[in-house]
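See below for the structure under consideration.
The values are calculated or read from the model by the stated rules, or taken from the named source; none is laboratory data. Quick caveat, the model's predicted, so the values are computed rather than measured. Neighbour counts are summed over all protein chains in view; Cβ atoms, including those assigned to glycine, are modelled from backbone coordinates with ideal geometry.
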Amino acid sequence: MADHPRTLPLDLFGRNRGDLVDDDDVAAGMGPAINTAGLAGIFYRLTPNDLYRLRAAVTQADAAASLDALAGAVAPSSERLAAWLHRQPVGTSGASVAALLTTVINVLLTLYVVADEAAPPAQVAEVVDKARTGLLHEMPIPGRVSCFCGSGKRYKRCHGTAPR
Ligand SMILES: [Zn+2]
């Protein structure tokens, strides 16, 4: 881990803006809900180095905000993730998918730094599910740990605070 920064320098969204992929977005015309089936299994097989590479790829592709661009960017790190992106419903928002992936990647890297080992499958599934449903304040991150968003604040003082 020595060659990786211990803080996560990404903040694609403000605090507690966990409403990236919910039903209101669908109703507001932001496209169909993201189909997260299979996503946890893909992430469980990735090493921390894979995750760092993926995060860089997703960040760079984010500006294009198209699923095809995203799939092309992540393919060198994970063909399975690229295939997952191609399975998304037509009209799915690339920006929403990029935000979801970034959240999952950052939380998994935070958990890795805390535990010094990859998260077990059940925890990966929990992270994906809570990212999908916007429950960013219920992630299995200890409150004293730096928040996954890279703000530099402790998790409990940042995204770990329940929305009011
Ligand atoms: Zn945060």
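Residue by residue, here is whether (1) assigned to a helix (DSSP H, G or I); (2) within 14 Å of the ligand (Cβ to nearest atom); (3) in contact (Cβ under 8 Å) with a residue 40 or more places away in the chain holds:
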position: Ala83; (1), (2), (3): yes, no, no
position: Gln88; (1), (2), (3): no, no, yes
position: Gly91; (1), (2), (3): no, no, yes
position: Val97; (1), (2), (3): yes, no, yes
position: Ala125; (1), (2), (3): yes, no, yes
position: Pro140; (1), (2), (3): no, no, no
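Quickly run through region 60-73 and pick out the residues that are aliphatic (A, V, I, L, M), touching a residue at least 24 places away in the same chain (Cβ under 8 Å) and either part of a helix (DSSP H, G or I) or in contact with a Leu (Cβ under 9 Å, 6 or more places away or on another chain) (or both).
Matches in region 60-73: Ala61, Ala64, Leu67, Ala69, Leu70.
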Selection within region 98-146 - modelled with pLDDT under 95, under 24 Å from Leu67 (Cα atoms) and surrounded by fewer than 18 Cβ atoms within 10 Å (Cβ to Cβ): Thr133
With under 22 Å from Gly41 (Cβ atoms), surrounded by fewer than 23 Cβ atoms within 10 Å (Cβ to Cβ) and at pLDDT below 95 as the only criterion, which of Pro163, Pro89 stands out? Pro89
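Yes or no, residue by residue, for (1) in a helix (DSSP H, G or I); (2) over 29 Å from Arg157 (Cα atoms); (3) touching a Gly at 6+ places or on another chain (Cβ under 8 Å); (4) modelled with pLDDT of 50 or more:
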| residue | (1), (2), (3), (4) |
| --- | --- |
| Gly14 | no, no, no, no |
| Arg17 | no, no, no, no |
| Leu20 | no, no, yes, no |
| Gly31 | no, yes, yes, yes |
| Ile34 | no, no, no, yes |
| Ala37 | no, yes, no, yes |
| Arg53 | yes, no, no, yes |
| Val58 | yes, no, no, yes |
